[in-house]
Structure formats: C-alpha cells, structure tokens
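What follows is a set of notes on a single structure, which appears directly below.
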Amino acid sequence: MSEPPDETADAGLVEQQISYYRARAPEYDEWFLRQGRHDRGEEWNRAWFSEVEEVCEELSRFRPVGKIRELACGTGLWTEQLARYADHITAVDASPEVLKLNQERLGDDQIRYVQADLFEWKPDALYDVAFFGFWLSHVPPDRFTAFWDLVRSALKPGGRVFFVDSLSLESVSSKNHHSEDQTSLRQLNDGREFRIYKVFYEPDELSSRLRVFGWNVRVRTTEHILYGFGALTG
C-alpha cells in the first residue's frame, strides 16, 4: 500500500523541475557529451565515456526486447540504445522540447511519444520492460513508493526494469550543480537558475528497499554512474 505523497509540499519544486528541463532541452546533450562548461578534460572525459559504454554493454546483455516504456526519455540518448532491441517504445516526457529533439534524432515509426507529467500520467498498456535514465534521482522522496507502483502497474507479469542514474560524486563535482540536502541548484548556460530534486542512493540500500516492494533488482556502480536491472518477483 503506497503512502500518499505530500503533493502540496513539493508541487512548486516539481513545477520548477519541469520548467528547468524544458529550458535546458537545447543544451542537455552538452552535459552527457562533456561539452562546453561540462568538459572536464581529456582524461576525465575518456573515463566517463568508458563508464557509459560499460552501462550500454550491460543493457545489451539485459536485452530490452518486446514493448518498452521509457520514462523521462529526454533527447533520445537512451532511446537510441533501446531502439536496437525493442519491437515498440512508448517514450514519455513532460517536456515537448525534448520530445521534439528525441523524434528528430530517432525518426522511428516504432516509437510513440507521449507528453505527460510522470506524476500525473496513467499508462494505457502493459509493457515487457520499463526504462528510465537519470530520472529516479529526480523523484521527490515522498513519491518514491508511488513512482515504483506506477512502474509496476504497466508491466506484464514478470516484467523487467533497467535504470541509470548519477552517484553523488558525479553531481557534486559537476560545474554549477550545487547539491544541498535532496535538492540541487542548477544553472543554464544563460545564467538562469532552477532548484530541482536530486536524491542520491546507495546501491545496497536501494536494492533492499526495492526488494520490499517485490522487485529483485541488482544495483551496480561505476565511479560516477549508478545503474540497476531486474524483474518483478510477484
């Protein structure tokens, strides 16, 4: 049974978070690709891309086949990886700006795009796999259980999940990412600032917590990335 989220307490911050990612859409890939102010130098960047490749190799072994639901799909960096295996993808995001960039990047008829606030969206189908990249850390703490109930609600029996996210080390060391408790002050290239949720998890703690909810999920880390994969147990 899910505890009811304190929606009045976090509604303003969630709205600001959505506004931030809408405004950040044209420059989002700069962070992932380590360009501009996110360039940490040749050695650091090389290590980052090696870690990303490690996660992609694990995703390949996981083989996300069938119907996939990608939550907070963003500009398509991970949608592109999923499209190698999936029969069909439903890509959901609150930002029409990133959905447009995603569609331009992929141009794939097997992908259905849905613009929706993930805290309001109700799935209309059952899927084989749920995927979310760099999203779990943006789920408000009071909505953690409700979010995982949402993930479960749209999976077929025995459905699987794969997620990727940041370790605290990565966020603290990133330029203009100032972590404070479970929120982070983010700055765009033009200097505008937004406060968003940024909740970090320890691998063992997260795995144990999900086990209580009926998930058998293995959580692993690289130096800067946390990722997990597994299946429903009941």
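We did not get these values from a lab; they are worked out from the coordinates using the rules stated. Owing to the predicted nature of the structure, the values given are computational and were not obtained by experimental measurement. Cβ placement follows ideal geometry from the backbone for every residue including glycine, while neighbour counts extend to all protein chains displayed.
If the only charges are +1 at each Lys and Arg Cβ and -1 at each Asp and Glu Cβ, what is the size of the charge dipole of the chain around the Cα centre, to the nearest 20 debye?
Values: 28 positive and 40 negative charges, 105 e Å.
It comes to approximately 500 debye.
For the stretch 7-232, build the charge dipole from Cβ charges (+1 Lys, Arg; -1 Asp, Glu) around the Cα centre, then report which of Val161, Pro140, Ser50 sits farthest towards its positive end.
Of the listed residues, the answer is Val161.
First check a/c for the stretch 21-82, with a ≥ b ≥ c the square roots of the eigenvalues of its C-alpha gyration tensor; if it is under 1.5, answer rounded, and if not, answer prolate when a/b is larger than b/c or oblate otherwise.
Working: a/c = 4.28, a/b = 1.29, b/c = 3.31.
Judged from the Cα gyration tensor, the stretch 21-82 comes out oblate (a/c at least 1.5, b/c at or above a/b).
Take the chain, connect every pair of alpha-carbon atoms lying under 10 Å apart with a spring to form a Gaussian network, then pick out the residue of Pro140, Pro203, Pro64 with the largest mean-square fluctuation.
Result: Pro203 has the largest fluctuation of those listed.
Could you tell me which of rounded, prolate or oblate describes the stretch 1-123, using a ≥ b ≥ c as the square roots of the eigenvalues of the alpha-carbon gyration tensor, with rounded for a/c under 1.5 and, failing that, prolate when a/b is larger than b/c and oblate otherwise?
Details: a/c = 1.63, a/b = 1.19, b/c = 1.37.
In terms of gyration-tensor shape, oblate.
Just the number, please: percent antiparallel of the DSSP beta bridges in the stretch 7-232, rounded to the nearest 5. Mind showing how you got there, number by number?
On the way: 23 of 44 bridges.
Here the antiparallel bridges make up roughly 50 percent for the stretch 7-232.
By its C-alpha gyration tensor, with a ≥ b ≥ c as the square roots of the eigenvalues, how is the stretch 7-232 shaped: rounded for a/c under 1.5, else prolate for a/b larger than b/c, else oblate? Provide the component values of the computation, followed by the final result.
Details: a/c = 1.25, a/b = 1.22, b/c = 1.02.
Rounded.
I want to make sure I understand the PRE zone here: with the label point 7 angstrom from the Cα of Arg112 toward its beta carbon, which residues in the stretch 59-73 have backbone N atoms less than 19 Å away?
Within reach of a label on Arg112, which here means backbone N under 19 Å from a point 7 Å along Cα→Cβ, the stretch 59-73 contributes 65-73.
If packing is taken as the average number of other Cβ atoms within 10 Å across a peptide's residues, how do 41-48, 205-212 rank, most packed first? If you can, show how the numbers build up before the last one.
Numbers: 41-48: 12.6, 205-212: 14.5.
In decreasing order of mean packing, 41-48, 205-212 become 205-212, 41-48.
Using the count of nearby Cβ atoms within 10 Å as a rough guide to exposure, how do Arg40, Arg69 rank from fewest to most?
Details: Arg40 15, Arg69 27.
Sorted ascending by nearby Cβ count, the order is Arg40, Arg69.
How high is the FRET efficiency between Lys100 and Asp181 when r is their beta carbon distance and R₀ equals 35 Å, given to the nearest 0.05? Walk me through the numbers before you get to the answer.
On the way: r = 33 Å, r/R0 = 0.95.
The computed FRET efficiency comes out at 0.55.
Okay, helix-only estimate at 222 nm for the chain: each DSSP H run of n ≥ 4 adds -39500 (n - 2.57), divide by all residues, round to 500 deg cm²/dmol; what do you get? Write out the running numbers ahead of the final one.
On the way: 8 runs with 85 residues, N = 234.
After summing the helix terms and dividing by residue count, I get -11000 deg cm²/dmol.
Have a look at Ala72, Ala91, Ala125 and tell me which one the Gaussian network model of the chain (Cα, springs below 10 Å) gives the largest fluctuation.
Checking each option, the largest mean-square fluctuation is seen for Ala125.
Can you work out the FRET efficiency for the pair Glu42 and Glu223, with r the C-beta to C-beta distance and R0 = 22 Å, to the nearest 0.05? Provide the component values of the computation, followed by the final result.
Numbers: r = 16 Å, r/R0 = 0.74.
Once rounded, the FRET efficiency stands at 0.85.
Please tell me which of these pairs span more than 24 angstrom C-alpha to C-alpha: Lys100/Lys122; Lys67/Lys198; Lys100/Lys156?
Working: Lys100/Lys122 21 Å; Lys67/Lys198 29 Å; Lys100/Lys156 29 Å.
Violating the 24 Å limit, Cα to Cα: Lys67/Lys198; Lys100/Lys156.
List Cys56, Cys73 from most exposed to least, where exposure is judged by having the fewest other Cβ atoms within 10 Å. Let's see the in-between values first.
On the way: Cys56 13, Cys73 28.
Ascending Cβ contact count within 10 Å gives the list Cys56, Cys73.
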